[in-house]
Amino acid sequence: MPFCAVVFCAGIWLAAKTFLPFFCAGVVCFLALSGAVIWRGNNRVMIALFFLFVFAMGALRGVCARPGVLLGNQGRDAARLAGRVCTFWGKISSDPLIRNGRTGFVMDLSAYACPESARVSRGTVYMVVDGELPFEFGEEIAVRGALCSARGPAGRINRMPRMRVASSALVKKYGAGGSFSFKRLAFKLRSCLEGRIFAYMHGLPARIMAAMLFGKKYLIPPLVNSDMMKSGTVHILVISGFHVTLVACLVVFVLKLFRVGRRVRFCIALPCLAAYCLLTGGSAPVLRATVMSAVFLAAYPLRRDPDIHNAWALAALILLSLNPQELFNLGFQLSFVSVLAIIYVYPLLKRYTGFEKLKLRLIRPITEGFLVSLAAWAGTAGIIACACRMFSPVTVIANIVIVPLSSLITLAGFSLIAAAFLCPAAAPCCGRVCELLLLVLLKVNALFIKLPHAYFTW
Amino acid sequence: MFPLTPQERNAVIFLAVLWLAGMGIGVYVRFDPSFRIDGLCENEAKINLNTASYEVLVESRVFTPAAARKFLAYRLEHGPVADISELEEIKGMSRRRLERVREFAFVRP
């Protein structure tokens, strides 16, 4: 299955880098599948044709998701309407982001009207409105303004047209309010939980905690972000597989406290993970970790042995089937390559370094942490060097210290939220400890990047 | 008293340590009101305008590259900045940029 995922990725890459027509990819797909069925008696031929089919499916999916291939009329409308004042009707399809006195959100269009015409439309527009709007995900609004030019820098056509609205008075709510959706409920839950964090923590520590627990990375100051990138530990500031695994373990542990049976525990943990995934915005690392955790949790009730290689491949196939363009997303690449490196490189390192023969129980977690960190660094160093123009040798050692510290901070954060609801008298104590731990994290990180030759940029 | 598994015991110990540590910090803050952890964290996340280099100014996104050059020229001419409001004298320093500077920077001789 991992090879299937790699072949699928190759198909998407080919579709993105060439002008492969939809018809060609479709025909190859059909012929490969037919051939695989016809020659099912010959294993080698059938397997080869099956992989060709997977490759062609990847190419087909990549062609469908390519910017400029219009399944609706978005591209044509955006180009024609750029610069003209129109009224747009639609629904807010992302959690509105309020920053620097402006509100930004994605809007799913349903119709527009300009002086010459009015018509039904499809597509999404990224709106930036001056002022703070009290709107929520799923609400139906009407906006008056002009789309920005369809072409961004270097003449490339923007995948998502943008609109800048100068005044919040030009945005009106209509309709009875958004219909029920799990995503809307998840965002409301997130706001409620965030409110608990900001009630018992203050200033920067509160913002970092909200970013670590709920994925609101924009709350982190740029300097903190760049310092963490230099030490190679920026992954702790975003929702990643570690957080999802922690949530899964916490849910299972809490249910175990109430003596719930193992099978029921795992069945309850699955929707909790899905809810956490929705709550945090469902980015590539979160989805990857959720799918992999779901495979492991589902294995026990289904009486199957979980396999990490297949779990990794399934997560990749699901994410790329939903959005093939994720393949070119740095977060997706780092998330999957780091896990792949840990799966394949870590056992090799363990065997050839001889650390597994160490008898001291206290040293073993440190050496295992070092090897995992080294394996992940080895897998991702090349990608980071190309994308961020940075090479960070201090990453391996920094991760051994900072990752356990961040896990402590995350546990303390979840304890704060639990205390806020169950025992408000203890919540201020949890809040102070969270703030102290975050201060220690920032200080330790600053120490690591001050080491000689800690990182190189160009 | 209550039959706890080793994991449950560890969880109880963790929560007890969290609570005790929080109480300890609360007592310390009562004796020394100037000790503010969030203030100490803010210092780690802000740059000192009087010592920051061009790369740090641009990296922290407090200034654009052009604004960073203007600020460094101003600092070279007038010496260390005593207060952020002095930056209003720099040409092109809008109110919005000044707010951003206040949010992400401090001044210390």
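The values are calculated or read from the model by the stated rules, or taken from the named source; none is laboratory data. Computed from a predicted model, the values in this text were never measured in an experiment. Here the Cβ is made from the backbone with ideal geometry for all residues, glycine too, and neighbour counts use every protein chain on show. SASA here: full protein model, heavy atoms, side chains in, ligands and nucleic acids out. Shrake-Rupley method; radii C 1.70, N 1.55, O 1.52, S 1.80 Å.
Yes or no, residue by residue, for (1) in contact with a Leu (Cβ under 7 Å, 6 or more places away or on another chain); (2) within 14 Å of chain B (Cβ to nearest Cβ):
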residue	(1), (2)
A:VAL234	no, yes
A:VAL238	no, no
A:PHE242	no, no
A:ALA248	yes, no
A:ALA274	no, no
A:PHE296	no, no
A:LEU302	no, no
A:ASP307	no, no
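Is at least one residue of segment B:15-28 outside any helix (DSSP H, G or I), out of contact with any helix residue (DSSP H, G or I) (no Cβ under 7 Å at 6 or more places or on another chain) and either more than 9 Å from every other protein chain (Cβ to nearest Cβ) or on the phi < 0 side of the Ramachandran plot (or both)?
Step one: of segment B:15-28, the residues outside any helix (DSSP H, G or I) are none.
No: segment B:15-28 contains no residue that is outside any helix (DSSP H, G or I), out of contact with any helix residue (DSSP H, G or I) (no Cβ under 7 Å at 6 or more places or on another chain) and either more than 9 Å from every other protein chain (Cβ to nearest Cβ) or on the phi < 0 side of the Ramachandran plot (or both).
Quick check on segment B:75-86: of everything there that is surrounded by 14 or more Cβ atoms within 10 Å (Cβ to Cβ) and of a type outside the set (Val, Ile, Thr), which residue is nearest to A:ASN100 (Cα to Cα)? Steps first, please.
Our first condition is that a residue be surrounded by 14 or more Cβ atoms within 10 Å (Cβ to Cβ); within segment B:75-86, this holds for B:75, B:81, B:84, B:86.
Filter again for of a type outside the set (Val, Ile, Thr), leaving B:75, B:86.
Numbers: B:ARG75: 27, B:GLU86: 22 Å.
Among those that are surrounded by 14 or more Cβ atoms within 10 Å (Cβ to Cβ) and of a type outside the set (Val, Ile, Thr), it is B:GLU86.
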Test each condition in (1) within 15 Å of A:MET228 (Cβ to Cβ); (2) more than 12 Å from chain B (Cβ to nearest Cβ) for A:ILE417 and report the one that comes out false.
(1)
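When the residues of segment B:32-68 are filtered to those that are acidic (Asp, Glu) and closer than 21 Å to A:ILE449 by Cβ, which remaining residue is farthest from the other protein chains (Cβ to nearest Cβ)? Break it down into steps so the answer makes sense when it comes.
Here is the first cut: in segment B:32-68, the ones acidic (Asp, Glu) are B:32, B:38, B:42, B:44, B:55, B:59.
From what's left, closer than 21 Å to A:ILE449 by Cβ: B:42, B:44, B:55, B:59.
Details: B:GLU42: 5, B:GLU44: 4, B:GLU55: 9, B:GLU59: 5 Å.
Result: B:GLU55.
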Unmet requirement for B:ALA66, which otherwise passes all of (1) out of contact with any Leu (no Cβ under 6 Å at 6 or more places or on another chain); (2) touching a residue at least 40 places away in the same chain (Cβ under 8 Å):
(2)
Scan (1) surrounded by 11 or more Cβ atoms within 10 Å (Cβ to Cβ); (2) farther than 23 Å from A:LEU204 by Cβ; (3) away from chain A (no Cβ under 11 Å) for the single condition B:PHE106 breaks and write down its number.
(2)
Within segment A:204-224, can you find the residues that are at pLDDT below 85 and either in a helix (DSSP H, G or I) or open to solvent by less than 10 Å² (accessible area, probe 1.4 Å) (or both)?
A:LYS217, A:TYR218, A:LEU219, A:PRO221, A:PRO222, A:LEU223
Are there any pairs with C-beta distances below 8 angstrom linking a residue in segment A:226-251 that is touching a residue at least 24 places away in the same chain (Cβ under 8 Å) and farther than 23 Å from A:CYS386 by Cα to a residue that is of a type in the set (Lys, Arg) and open to solvent by 20 Å² or more (accessible area, probe 1.4 Å), with the two at least 6 apart or on different chains, and if so which?
A:GLY241/A:ARG288
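With respect to A:ILE239, is the statement that it is closer than 23 Å to B:ILE47 by Cβ and either surrounded by 17 or more Cβ atoms within 10 Å (Cβ to Cβ) or hydrophobic (A, V, I, L, M, F, W, C) (or both) true? Quick ask: steps written out before the conclusion?
On the way: closer than 23 Å to B:ILE47 by Cβ: no; either surrounded by 17 or more Cβ atoms within 10 Å (Cβ to Cβ) or hydrophobic (A, V, I, L, M, F, W, C) (or both): yes.
No, not satisfied.
Which of the residues spanning segment A:2-42 are open to solvent by 90 Å² or more (accessible area, probe 1.4 Å) and either touching a residue at least 12 places away in the same chain (Cβ under 8 Å) or out of contact with any Leu (no Cβ under 7 Å at 6 or more places or on another chain) (or both)?
Hits for segment A:2-42 are A:PHE3, A:TRP13, A:LYS17, A:PHE19, A:PHE22, A:PHE23, A:PHE30, A:LEU31, A:ILE38, A:ARG40.
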Given the criterion in a helix (DSSP H, G or I), at pLDDT 75 or above, within 27 Å of A:LEU340 (Cβ to Cβ) and under 26 Å from the mean Cα position of the chain (by Cα), identify the matching residue among A:ALA25, A:ALA10, A:ALA48, A:ALA32.
A:ALA10
Any residue at all in segment A:435-458 that's in a loop (DSSP other than H, G, I, E, B), open to solvent by less than 30 Å² (accessible area, probe 1.4 Å) and more than 14 Å from chain B (Cβ to nearest Cβ)?
yes
Out of the residues in segment A:108-124 meeting the condition of being modelled with pLDDT of 75 or more and touching a Phe, Trp or Tyr at 6+ places or on another chain (Cβ under 7 Å), tell me which one is most open to solvent (accessible area, probe 1.4 Å).
A:SER110
For segment A:420-434, which positions are open to solvent by less than 20 Å² (accessible area, probe 1.4 Å), within 10 Å of another protein chain (Cβ to nearest Cβ) and touching a residue at least 40 places away in the same chain (Cβ under 8 Å)?
A:ALA427, A:CYS430, A:GLY431, A:CYS434
Given (1) open to solvent by 60 Å² or more (accessible area, probe 1.4 Å); (2) of a type outside the set (Phe, Trp, Tyr); (3) more than 25 Å from A:LEU334 (Cα to Cα); (4) within 14 Å of chain B (Cβ to nearest Cβ), number of the condition A:ILE363 does not satisfy
(4)
Of all residues in segment A:214-235, which are more than 13 Å from the chain's Cα centre (by Cα) and within 18 Å of A:ILE409 (Cβ to Cβ)?
A:LEU219, A:ILE220, A:PRO221, A:VAL224, A:ASN225, A:ASP227, A:MET228, A:SER231, A:GLY232, A:THR233, A:VAL234
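Within segment B:87-101, restricting attention to residues that are loosely packed, with under 14 Cβ neighbours inside 10 Å and touching a residue at least 12 places away in the same chain (Cβ under 8 Å), which residue is nearest to the other protein chains (Cβ to nearest Cβ)? First the steps, then the outcome.
From segment B:87-101, those loosely packed, with under 14 Cβ neighbours inside 10 Å are B:88-89, B:91-92, B:94-96, B:99; that's our starting set.
Those still in the list that are touching a residue at least 12 places away in the same chain (Cβ under 8 Å) too: B:89, B:91-92.
Numbers: B:GLU89: 23, B:LYS91: 22, B:GLY92: 18 Å.
The selected residue is B:GLY92.
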Segment A:285-329 - residue that is part of a helix (DSSP H, G or I) and aromatic (Phe, Trp, Tyr) and, of those, farthest from A:GLY261 (Cα to Cα):
A:PHE328
All but one of (1) at positive phi; (2) touching a residue at least 40 places away in the same chain (Cβ under 8 Å); (3) surrounded by fewer than 18 Cβ atoms within 10 Å (Cβ to Cβ) hold for A:HIS309; state the number of the condition that does not hold.
(1)
Please determine, by comparing only the residues of segment B:16-59 that are of a type in the set (Lys, Arg) and free of Cβ contacts under 8 Å to residues at least 12 places away in the same chain, which one is most open to solvent (accessible area, probe 1.4 Å).
B:ARG30
